[in-house]
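Q: First the structure, then my questions, so here it is.
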Amino acid sequence: MNVSSARRLAWVTTTIVAPWLLAGCNVPKSLPAMLPAPPPPQVVAPAPPPPPRVMPVEAEPAAPATQPALSFNPAAVGPLAAMLTYAEKLRTLSPADIGAEINRLGDPGDSPATQMQLALALAQTRVPADLARALGLMQRVGSNTSSEAQTLQPLARTLAARYLEQRRVEDDRDRQAQQVRDSQRRIEQLNDRLEALRAIERSVTRSNTPAPAAAPASGARPPGAQ
């Protein structure tokens, strides 16, 4: 209710209703019509519902591996770890130092560890004969039945397979290089024969060409002139 409506209601009450009440009379039935109509109720819009709570979506768990991972213990110690360390040091040596190491090892005898060390050193020379010897030494370690060799056999068999594949690749490379040299030699022979045929053709052409007629002498008349 605003201020003007309140004042109007107070005026009606004091001027019309109050005298009737003091006089003990009933309030006329037309009095409600004289009173101001109450204001319409205000419709309050309901508050919007709160937004639904968004739950975080968890990532789908990965399926377990079907194959077990290879076991690898970097802290392993023993002959195998020592051999791997030796092989890593060989990779940093110069060709002269590798040759000196091969001479130092000498004849490995029946020692699997020395045989593998010599094979690792021979494989670094990039010489086909040394690679063949290294392959033989690795195969000897792989077929040895002693307890010392059994620790080194997994590495020996792996390296033997690698050396064998390397020999095949180098043999194929040498074979292809030989084929290229043979092809080049045949090309040179064909070029020589072609040049010889061209020389024969030029000589035949010169022999079949008639010699030019001699020019008449000065003051001489040509035959049949009057």
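The values are calculated or read from the model by the stated rules, or taken from the named source; none is laboratory data. Remember, predicted model here, so these are calculated numbers, not experimental data. Neighbour counts run over all protein chains shown; Cβ positions are idealised from the backbone, glycine included.
Q: Checking the structure you have, find out if any residue of segment 102-112 is under 17 Å from P154 (Cα atoms), assigned to a helix (DSSP H, G or I) and among the hydroxyl-bearing types (S, T, Y).
A: no
Q: Scan segment 110-121 and give yes if some residue there is touching a residue at least 60 places away in the same chain (Cβ under 8 Å) and β-branched (V, I, T), otherwise no.
A: Taking every residue of segment 110-121 in turn, none turns out to be touching a residue at least 60 places away in the same chain (Cβ under 8 Å) and β-branched (V, I, T).
Q: Something else about it: Kindly evaluate R162 against the criterion of being exposed (fewer than 13 other Cβ atoms within 10 Å of the Cβ) and out of contact with any Gly (no Cβ under 7 Å at 6 or more places or on another chain). Full working, then the answer.
A: On the way: exposed (fewer than 13 other Cβ atoms within 10 Å of the Cβ): no; out of contact with any Gly (no Cβ under 7 Å at 6 or more places or on another chain): yes.
Considered against the rule, which asks whether it is exposed (fewer than 13 other Cβ atoms within 10 Å of the Cβ) and out of contact with any Gly (no Cβ under 7 Å at 6 or more places or on another chain), R162 comes out as no.
Q: State which residue pairs qualify: first residue among the β-branched types (V, I, T) and inside segment 137-166, second residue loosely packed, with under 13 Cβ neighbours inside 10 Å in any location, beta carbons under 7 Å apart, and separation of 6 or more residues or different chains.
A: Pairs found: T151/G78.
Q: Exactly one of (1) surrounded by 11 or more Cβ atoms within 10 Å (Cβ to Cβ); (2) at pLDDT below 85; (3) hydroxyl-bearing (S, T, Y) is unmet by T114. Its number?
A: Answer for T114: the failing condition is (2).
Q: Here is a follow-up. If you check R126, R133, R162, which single one turns out to be modelled with pLDDT under 90 and within 25 Å of P95 (Cβ to Cβ)?
A: Working: R133 fails: modelled with pLDDT under 90; R162 fails: modelled with pLDDT under 90.
Unique residue meeting the criteria: R126.
Q: Taking the condition surrounded by fewer than 20 Cβ atoms within 10 Å (Cβ to Cβ), part of a helix (DSSP H, G or I), among the small types (G, A, S) and touching a Lys or Arg at 6+ places or on another chain (Cβ under 7 Å), does A132 pass?
A: Details: surrounded by fewer than 20 Cβ atoms within 10 Å (Cβ to Cβ): yes; part of a helix (DSSP H, G or I): yes; among the small types (G, A, S): yes; touching a Lys or Arg at 6+ places or on another chain (Cβ under 7 Å): yes.
Yes: the conditions hold for A132.
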